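The values are calculated or read from the model by the stated rules, or taken from the named source; none is laboratory data. Small disclaimer: the values here were computed from a predicted structure and weren't measured. Heads up, the Cβs are rebuilt from the backbone with ideal geometry, glycines too, and the neighbour counts pull from every protein chain shown. To get the accessible areas, we keep the full protein, side chains included, count just its heavy atoms, and leave off ligands, DNA and RNA. Shrake-Rupley method; radii C 1.70, N 1.55, O 1.52, S 1.80 Å.
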Amino acid sequence: MPVKRSSLVCLACQHSRSNVSARLRHCITLPWSPVASATIWSRSFAHDALAGEGQDQGGTLDLVTSIGASIKQWSPSGNIDDIRAAVLSLDTLIKSRDRRNEVLRKLSNPVPDVLTGRIHNETIIPPALLRLPEADGAPISHTAFRQKMKDATGYKEVRLVLRAQLLRCEWPRDILRIMAVAMLHRKTAEQLCLLHEPIMRALYRCRNNVTDKDVLLAITVIVTRFNVAGMRPHDMLIHMGFKFAARARSLRGMKRFLRLQRERDNGMSRNQFRSVIAKFSIGHRGLGEIRNGRWRRSELLQVLTGFVDDNGLPEEEQYHLGSFLHRQDWQYLHGWVAVLARCKANDAIWEEWQQWKICDARRRPKTLQSHARMNTRIRGDYWFIEQMAYSGDIKRAWQLLGESDVPFERLKCRVTHRLLDHLEYCTVWNDAIATAMLRKYDHELGLIEKALGVTWEWGEDGDGRHILFRDQEEALEELSAESWAPNENYGFPHADSAPLATEQEQSLHDAAEGELVDRTHPD
């Protein structure tokens, strides 16, 4: 049975205390318990080790001998200042071991107080060859990229190399070269299919150098290659495909990607639906037409209401944009009515109006936050009146105004001017309409004066005269241009009879000029 530990302090320690008591009066009292406890522990451990049965006596004796030799170095006759400094240094070191964590906890995003388990990738360090520069670093050559793909061993290392290379792509051909390397093996192709976000970022970056048609072609190639390889491209790539098809005014592209969306049976969220309609560039300021021009009206109507080649399909298999519409949700409906108005589809707007009149949002209107004077009924009625006026069917627009609760004076000026152009369809007459007629005459007179380069200056007696504010010859030259129009007419697709330049003709007009033609040689 092992010997019981002694609870008394050793005689050497007591003797040391009596000798140095005078020196400790003006010093910090030293904790002698570590030395005493170490001495007692070493003796008890020696007795326990020697009393054990079936133990390795040689190894245990060596351990006790080494402990005893180290404790002999703490001689009572040694320099007490050195001992005190060593103990204080050890105490300071223990207290400052977590100082880094204390600093991190004071930051806005501190580290957790308690870390449970092993930190993710705590001991896994990627090889140096896979530590590629950041996205704004120098481009990586295709040869170096292929070598790094060859040296990569795990799935994570492969995705790291692919992502770093995709973040440097600025041309569609660079993306397709990356895809060609990744598609050589099934495993690397699957990792590339997972990196839809870097692919999308690379495609958006390509817009700085190429047209939206080229970006649409690259998206088509990427999605097609994934489908041929038996992999499922991410839904965001499909969404990006029909958005760029809308930007590029491509009927074929819209048909392809809307069919893929229908085959996946994913439907279309309100944000996706609204974003596609926004890419049709139907705004009245014409900013979306600067880069890609306008749609053809007949082609856009196919995208909206049904493709000519698929008229015989059942309703549940239709994949035009109208098949994704949710009429009970105003976030879908308001953009849908607007794009129909830009296509002059007044009959389709009239059918939507008939369904709107029996909709719950109109029959049981709700208030709108931050719009005290508006509710869901007034908002919808006003929107249908405005869009019917834009579609050109003024007779039905006056009829909608009579059936709704919207007062005439609350309409926008550009809407009232269209309605007042056809007063023969007016269903009601009041003072507000008479006042709006005077404002319309003043507006049209201002357009005439602006076109002629003159303005009206009032005199002191209530009369006035016209004065020139620009060069009249320049004003008349601008007025005689074929493209001149009194009012801007942005956001409306071209009519089918409008002459549109083909892609070959457009590339001919956009071709850069080179050197002078040598006229010495005959053609």
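For segment 242-373, a crude dipole built from +1 on the beta carbon of Lys and Arg and -1 on the beta carbon of Asp and Glu, taken about the Cα centre, is about 780 debye to the nearest 20.
With 27 Å as the limit on Cα-Cα distance, the pairs of K148/K243; K395/K450; K156/K279; K187/K213; K279/K412; K412/K450 that go past it are K148/K243; K395/K450; K156/K279; K187/K213. Surface composition of segment 132-221: carbon plus sulfur atoms contribute 54% of the solvent-accessible area (1.4 Å probe, protein chains only, all chains present). For segment 254-403, the relative contact order is 19 percent, taking Cα pairs closer than 8 Å that sit 6 or more residues apart in sequence and dividing their mean separation by the residue count.
Protection proxy ranking for 228-234, 279-285, using the average of other Cβ atoms within 10 Å per residue and placing the highest first: 279-285, 228-234. For segment 190-309, the fraction of C-alpha pairs more than 20 angstrom apart is 43%. Placing unit charges on each Cβ (+1 for Lys and Arg, -1 for Asp and Glu) gives segment 311-412 a dipole about its Cα centre, and among G312, G322, L401 the Cα reaching farthest toward its positive end belongs to L401. FRET efficiency for the D347 to K187 pair, using the beta carbon distance and R₀ = 60 Å, is estimated at 0.65. The simple Förster model, with R0 at 45 Å and r as the Cβ-Cβ distance, assigns S298 and H142 a FRET efficiency of 0.55. Dimensions of segment 241-326 from C-alpha coordinates, computed as largest minus smallest value along each principal axis and given longest first, are 38, 26, 20 Å.
Semi-axes of the equivalent ellipsoid for segment 390-462, computed as √(5λ) from the eigenvalues of its C-alpha gyration tensor and ordered from largest down, come to 29, 15, 9 Å. The figure for C413 is an accessible area of roughly 80 square angstrom, using a 1.4 Å probe on the protein chains alone.
Extension gain for T427-I80 works out to 113.9 nm (0.36 nm per residue, less the C-alpha to C-alpha distance). The stretch between D329 and Q355 holds 8.1 nm of extra length on full extension. This uses 0.36 nm per residue minus the Cα-Cα distance.
Multiplying the residue separation of Q369 and R270 by 0.36 nm and removing their Cα-Cα distance gives an extension gain of 33.7 nm.
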